[in-house]
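Note sheet for the following structure.
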Amino acid sequence: MSDLNIISQFATAMLKAATLDDLLWAISKNIGETLGFDDCVIYLNDNNSLIQKAAFGIKNPTKRNLYNEIKIPVGKGIVGYVAQSQASEIVADTTVDHRYIWDEFSGKSELAVPIIYEDITIGVIDSESSLKNAYSHNDMEVLQIIANIAAPRIASAQYCSELKQTQSQLEETNDKLFNSLEQLKENQEVLVQNEKMVSIGLLAAGVAHEINNPLAFSISNVSYFKECIKDITNMHQVIFEHENISPKIKQQLQSINYMQSLEEITEVVGETANGLLRIKNIVSDLCGFARNEEKEVSNFDVNKGIKIVTNILKGEINNNCHLELDFGQIPDLYGNETKIHQVFMNIILNAVQASRNNGLISVKTYLDENFACIDITDNGLGIANENLQNIFTPFFTTKPVGQGTGLGLYICYKIITEEHGGQIKVFSNHHKTTFRIMLPLHSADQLNLHNLT
């Protein structure tokens, strides 16, 4: 077969290869069969190590399996020397060449040509024979032409293989990042809910006091109501047990002032109903705050929300300070009402804890351009300047160990800024501290619901 036919046949076989692996095995097989070599091994350069990737002959006992696969450092052995020098070489007698690396398949002569792409050795084509002087200069020239033709194809296949591997790694990384993001979202929801439950735990005593007061007079009124009912019942018994009312019975009826009893019953029932309604409202507000309704978005009244929160905190506030509310005309806002209530709860509770005995807490709402503003101010000792810059940093707290998680204000910041597109600012000196919450006057179609849901 002429050299031209050999090269043409090789090029055809190379074009049919779909992958880098297919290409390398096709090159080794085609060279071995068309040039009549005992064997042919393809090495690829990987970080200055020449690694066997495909073979024809004794090194390939079964389909696409290499026997005793080896790595040769660039510069060592005949293959390594050819890779380093970038020059083809024929070794007529390996027994007298000190560079030759002996193994169980050692040959008597060797032909090696470099595979060079853009002046870089990307591999070596190597053939060994059991005979001395087995290779001619024509064999070397043909093999070098084949190597030159194969070089860009191998480089391209390597690039595609690396690209696919990188793509696969990126997809795997993206999957991990997505799963991590979902886990972070779940963890954040747990943190938010846990922070709410911490607040509820702090409120338990105050809420119990608020419930016990109306409950106590409701129970007392019910007891009195029973006595009134008993008097009326006795009166009816007297009337219906006697057909003719004697003077003695009249005297008994006069001693039972049932009209007054009826009036008192009406009054007591009214008080009882109001007391029980008050308990219902307190429990309803507290349950509404505790519910994990993280994904609900709707129109809400910010002033009403502040009333609900201060009602829950009433016992805590009354025991420590005085509360002033100054509500402006605020249109309904759109967002997650439960989360906004949590922000109010956290900041007002912080204000209560920061206030001096008989201190003052004021909550003011007003409009400022495109924002609904809520100023929550206490007349405590203020926040030190060095702490202001860290006030919204997660796990930062100035409270003693065990009394603060350092997550409350961080969660408030995320709810207002990231989930509702608003702002939260803090101003403080030695006489007072003001937290300013600024919520945009969004409509439902303007709000970025992605962050809320």
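The values are calculated or read from the model by the stated rules, or taken from the named source; none is laboratory data. These figures come from a predicted structure and were not determined experimentally. Quick reminder, even Gly has a Cβ in these numbers, built from the backbone with ideal geometry, and neighbours come from all protein chains shown.
Return the only residue of 108, 53 being within 47 Å of the chain's Cα centre (by Cα) and basic (Lys, Arg). Lay out the reasoning, then the answer.
Details: 108 fails: within 47 Å of the chain's Cα centre (by Cα).
After applying the criteria, what remains is 53.
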- Message: Pairs please, first residue from segment 216-230 and more than 13 Å from residue 276 (Cβ to Cβ), second anywhere and surrounded by 14 or more Cβ atoms within 10 Å (Cβ to Cβ) and charged (D, E, K, R), Cβ atoms under 8 Å, 6+ apart in sequence or on different chains.
- Response: 224/264; 228/264
- Message: When you scan segment 385-401, do you find a residue that is in contact (Cβ under 8 Å) with a residue 40 or more places away in the chain, aliphatic (A, V, I, L, M) and buried (at least 16 other Cβ atoms within 10 Å of the Cβ), even just one?
- Response: no
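From the list 101, 78, 116, pick out the single residue that is part of a loop (DSSP other than H, G, I, E, B), among the aliphatic types (A, V, I, L, M) and without any contact (Cβ under 8 Å) to a residue 60 or more places away in the chain. Write out each step before concluding.
Details: 78 fails: part of a loop (DSSP other than H, G, I, E, B); 116 fails: part of a loop (DSSP other than H, G, I, E, B).
Result of the check over 101, 78, 116: 101.
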- Item | Residues that are buried (at least 19 other Cβ atoms within 10 Å of the Cβ), in contact with a Phe, Trp or Tyr (Cβ under 8 Å, 6 or more places away or on another chain) and farther than 20 Å from residue 137 by Cβ, drawn from segment 58-99 | 59, 60, 72, 77, 83
- Yes or no: residue 78 in contact with a Lys or Arg (Cβ under 8 Å, 6 or more places away or on another chain), within 20 Å of residue 121 (Cα to Cα), at pLDDT 90 or above and of a type outside the set (Phe, Trp, Tyr)? yes
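Within segment 14-58, how many residues turn out to be in a helix (DSSP H, G or I) and out of contact with any strand residue (DSSP E or B) (no Cβ under 9 Å at 6 or more places or on another chain)? If you could, list the steps in order and put the result at the bottom.
Taking segment 14-58 first, the residues in a helix (DSSP H, G or I) are 14-16, 20-35.
Next, from what is left, pick out any that are out of contact with any strand residue (DSSP E or B) (no Cβ under 9 Å at 6 or more places or on another chain): 14-16, 22, 34.
Qualifying residue count, segment 14-58: 5.
Conditions (1) farther than 30 Å from residue 156 by Cα; (2) hydroxyl-bearing (Ser, Thr, Tyr), marked per residue:
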position	(1), (2)
79	no, no
85	no, yes
97	yes, no
101	yes, no
104	yes, no
107	yes, no
117	no, yes
- Message: Take the residues in segment 23-48 that are surrounded by fewer than 16 Cβ atoms within 10 Å (Cβ to Cβ) and under 44 Å from the mean Cα position of the chain (by Cα); name whichever of them is nearest to residue 79 (Cα to Cα).
- Response: 48
- Item | Every residue from segment 336-358 that is farther than 15 Å from residue 313 by Cα and either assigned to a strand (DSSP E or B) or touching a helix residue (DSSP H, G or I) at 6+ places or on another chain (Cβ under 9 Å) (or both) | 336, 337, 338, 339, 340
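Every residue, every condition in (1) among the aromatic types (Phe, Trp, Tyr); (2) surrounded by fewer than 14 Cβ atoms within 10 Å (Cβ to Cβ); (3) modelled with pLDDT of 75 or more, yes or no:
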residue	(1), (2), (3)
162	no, yes, yes
175	no, yes, yes
185	no, yes, no
192	no, no, no
199	no, no, no
205	no, yes, no
208	no, yes, no
228	no, no, no
241	no, yes, no
- Message: For segment 119-159: of the residues being polar (S, T, N, Q), over 21 Å from residue 6 (Cα atoms) and assigned to a loop (DSSP other than H, G, I, E, B), which is modelled with the lowest pLDDT?
- Response: 130
- Item | Criterion violated by residue 141 - all others in (1) touching a Ser or Thr at 6+ places or on another chain (Cβ under 9 Å); (2) closer than 20 Å to residue 66 by Cα; (3) of a type in the set (Asp, Glu) satisfied | (2)
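Need a quick list: strands (runs of 3 or more DSSP E) entirely within segment 254-335 having at least 3 residues that are modelled with pLDDT of 75 or more, in contact with a Leu (Cβ under 8 Å, 6 or more places away or on another chain) and crowded, with 18+ Cβ neighbours inside 10 Å. Can you show your working first?
Numbers: elements: 298-300, 321-326, 333-335.
It comes to 333-335.
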- List the pairs whose first member sits in segment 311-332 and is closer than 15 Å to residue 363 by Cα, whose second member is in a loop (DSSP other than H, G, I, E, B), and whose Cβ atoms are under 8 Å apart, counting only residues at least 6 apart or on separate chains? 321/355; 321/356; 321/357; 321/358; 322/358; 330/301
